[in-house]
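> One structure follows; several queries about it will come next.
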Amino acid sequence: MNYAVIFNSCAIIIGTLIGKWLGSFFNSKIRNILFDSIGLTTIIIGISMGLKSNNMIIVLISLAIGGVIGEFLNIEKQIESLTSFFKNNKETVSKGFLTTTILFVVGPMTILGAMKAGFSQDNTLLNLKSILDGISSIIFASIYGYSVILSAISVFFVETILIIFSKNLYFLMDEVYLNDFTAVGGIMILGLGIRLLDLKDIKVGNFLPALLMVIIIDYIKLRFSF
């Protein structure tokens, strides 16, 4: 077991506990300001990641196919059902879990950090990500409460799988795969920002299959050179 993965999950848990405690002192006006701050920042992060694409057509096709699959599977609804043990504000809990999971899991730092940790035992990038995730957890938990802690589970499993299979998945560090994967994730994060600002209730969870689709489409493109 890699200690950096445990450190990352613990950082989120500790950040959540601190954020939940701080949130108890915030009134509705402060919460609204925090929502707007997070929403605007999330949009900027999404745009910056989305612009890293090597081929925007591939990103578009991946999102379209992945979104249709996710809509058919009703992934967002399934995620909401996972949070059913929270008797109150299930929708808010679901949004908190989904938002923080995507932000903490989808991105180049997760892939690069886990690949380096698994392939060369270099935990530097994952440790840096842990600090950033911990700080972000404080802010998100002040709004979403304990639901943020659920993202620690997602982070633990995703990073563990990437580290275990790092030798088989090392091709993901190729610029083509990494950039297009980052772009798809960035557009999903942009959707989260739009949702946080209540501009449109985009079902971002239904786009999760697009993260797999972009890898498959890039592989086919490179394999057959078109």
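> Only sites in a loop by DSSP and with at most 14 other Cβ atoms within 10 Å count here; which trypsin sites (Lys or Arg not before Pro) in segment 119-221 make the cut? Could you put the intermediate results ahead of the total?
Numbers: sites: LYS129, LYS167, ARG195, LYS200, LYS203, LYS221; in loops: LYS200, LYS203.
Answer by residue number: LYS200.
> Between LEU22 and LYS221, what FRET efficiency follows from the Cβ-Cβ distance if R0 is 45 Å, with the result rounded to 0.05? All intermediate terms of the calculation are to be shown ahead of the outcome.
Values: r = 47 Å, r/R0 = 1.04.
That gives a FRET efficiency of 0.45.
> List the pair-distance distribution P(r) of segment 3-57, using every Cα-Cα distance, as the percent of pairs falling in each 10 Å bin from 0 up to the bin containing the longest distance, rounded to whole percents.
In order of increasing distance, the bins hold 19, 26, 35, 17, 3 percent.
> Between (1) 0.97; (2) 1.03; (3) 1.00, which matches Rg/Rh (Cα atoms, Kirkwood Rh) calculated for the structure shown?
(1)
> Using a cut-off of 23 Å between alpha-carbon atoms, which lysines can reach LYS167, once sequence neighbours fewer than 8 places away in the same chain are excluded?
Those lysines meeting the cut-off are LYS116, LYS129, LYS221.
> Just want to confirm a number: the relative contact order over the chain, from Cα pairs under 8 angstrom separated by 6+ residues, in percent. Please report the intermediate quantities before stating the final value.
Values: 347 pairs, mean separation 97.9, N = 226.
Computed over the chain, the figure is 43 percent.
> Another question, then. If the cut-off is 15 Å between C-alpha atoms, which aspartates and glutamates fall inside it for LYS52, apart from same-chain ones fewer than 8 positions away?
Reachable aspartates and glutamates: ASP174, GLU175, ASP180, ASP218.
> Would you mind calculating the gained length between GLN78 and ASP174 on full extension (0.36 nm times residue separation, minus the Cα-Cα distance), in nm to one decimal?
Numbers: separation 96, 0.36 × 96 = 34.56 nm, distance 3.26 nm.
Fully extending the segment from GLN78 to ASP174 adds 31.3 nm.
> Could you work out how much longer the chain between ASN54 and ILE131 gets when fully extended? Use 0.36 nm per residue separation minus the Cα distance between them, nm to one decimal.
Extending this stretch completely gives an extra 24.8 nm.
> Using label points projected 7 Å from each Cα along Cα→Cβ, tell me how many nm separate VAL68 and ILE164, to one decimal.
Spacing of the two 7 Å Cα→Cβ label points: 3.3 nm.
Every number in this text was worked out from the coordinates using simple rules, so none of it is lab data. All of these numbers come straight from a predicted model, not from anything done at the bench. Quick reminder, even Gly has a Cβ in these numbers, built from the backbone with ideal geometry, and neighbours come from all protein chains shown.
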